[in-house]
1. Residue by residue through segment 204-216, what is 3J(HN,Hα) from phi via Karplus (6.51 cos²θ - 1.76 cosθ + 1.60, θ = phi - 60°)? Round to whole Hz and write x for glycine and proline.
2. Taking the mean number of other Cβ atoms within 10 Å as a proxy for protection, how do you rank 303-309, 111-117 from highest to lowest?
3. Once amide H atoms are placed 1.01 Å from N in the peptide plane, what residues at a sequence separation of 5 or more from Arg189, or on another chain, have their amide H within under 5 Å of its amide H?
4. With an 8 Å cut-off on Cα pairs and a minimum separation of 6 or more residues, tell me the relative contact order of segment 159-259 in percent.
5. Report the convex hull volume per residue for segment 265-360, counting only C-alpha atoms, in Å³.
6. Taking H as built 1.01 Å from N, whose amide H comes closer than 5 Å to the amide H of Gly239, not counting residues under 5 places away?
7. Skipping prolines and chain starts, which residues have an amide H placed within reach, meaning under 5 Å, of the one on Gly172, given they are 5 or more residues away or on another chain?
8. What's the center-to-center distance, using Cα atoms, between segment 122-179 and segment 244-283 in Å?
Amino acid sequence: MWLGAALVAMTLLMAQVAHAQAERPDTFADLVDQVGDAVVNITTTSIVAARQDGPQGIQPMLPPGSPFEEFFNDFMNRNGPGGQVPRRSQALGSGFVISEDGFIVTNNHVIEGADEISVEFRSGEMLQAELIGTDPNTDIALLKVDPAAPLTSVSFGDSDALRVGDWVMAMGNPLGQGFSVSVGVVSARGRELSGAYDDFIQTDAAINRGNSGGPLFNLEGEVIGVNTAILSPNGGSIGIGFSMASAVVSDVVNQLQQFGETRRGWLGVRIQDVSQDIADGLSLDEARGALVTDVPEGPARDAGVEVGDVILSFDGQDIEDTRELVRVVAAAPVGETVEMDVLRAGAMETLSVTLGRRETADATAGQPDPVKPASVDLLGLRLGPLGAEARAELQARGLNGVVIEAVDPNSDAASKGLQAGDIVTELAQMPISTPQEFEQIVTEARDAGQKSILLLIRRGGDPRFVALSLLE
């Protein structure tokens, strides 16, 4: 009996090992042969204008009649106006072909400011490229060449299906050395660098200068990322590279192909993540969704969205945090009407919103001017009226609310980062205009047995929700 069980266990173990070996290729050469001809080197040329203040930016001080004056003027004339002729500057990068008729994807920073763009194929053939469109927000650019014959192309894969530890292969033109391959694994997913639409794949596959704009492949030969940046103290690869995920890139490329520009959906709200404290204050079962802190003129206001709403789903997709909402809204078509589930005052509501276009949005906000009476001390805060003098000093024209005049350094409010000068515009998702209203709402919340209460504050014009403990 024991022997039979041991044999079964050994058989299962051998099967698992065989499966793992089957997923890890002995060589990547077949994959290189499959997709290599779709990867290109990109050379850009731009004209750097002549300096108008002499060489090195220095204007020589020569007295009239100096024996060096004629020599200097001859030198300046030979080198053009201002002492320098315009010169041509070159930059190198990578890219990949996504269609037989010659559409090519690369990074925006590879071609930015270029007067000429040359594309070199693995065969050595050179073609001039036309710039179709760019998206600086995701650092993506789309080029077009006119080939004499259909080109080898590659397609985008599903970056959302990637797992940390999956094999990936980077191709490109590192340090101008020409076609090159490096292999590694997915080190992390969902990395942010600096943009609102960032969704970077981190990899230890070697990526260097010149790899920018090149593809990151999965083992099926699909592009699951565009190599964009590295983290390095010395400018070379140390095994921390970043590729913009294909889930982002493919939508951008489709819009650039269709319109020559991006047309992102625009909801028109300011939002923040829901912390656990805020979730408790809202009686939300878990910290998720996007909390609305401001609703200026725009699609959201037209749809009835209110400050304090928690957006929990958008067009049928659950929203975990603000990053996810920004991405799914941006990917939605301009002018489309979608349903959005929000939590408002403890109850779920479904709103229909018709999206605007992010690139042309110009939101403004304004509120009426109120009148206020005397200060109160509560929750570690000294709260005063927002009079004309305080409104002018805090640049809070048009705001209703109360101003925090002082914060007890040993209070929960201090630990949450509240400061003198912050303006409280809402309490428990209700607008307030006097310190006495603040006191009344706190008293009612304590009488109802609440453990925390939600404040909407503004600092320097930026709104933010904070949950404060009501426990004595």
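1. So the Karplus estimates, Gly and Pro as x, are 9, 4, 4, 10, 10, 4, x, 6, 3, x, x, x, 10 Hz.
2. 303-309, 111-117
3. Sorted by chain and number, the residues that satisfy this are Gln202.
4. That works out to 25 percent.
5. 81
6. Ile207
7. Long-range HN contacts for Gly172: Ser180.
8. 24
Coordinate-derived values only; no laboratory data. None of the values given here were measured: they were computed from a predicted structure. Using ideal geometry, Cβ is built from the backbone for each residue, glycine included, and neighbour counts are taken over all protein chains shown.
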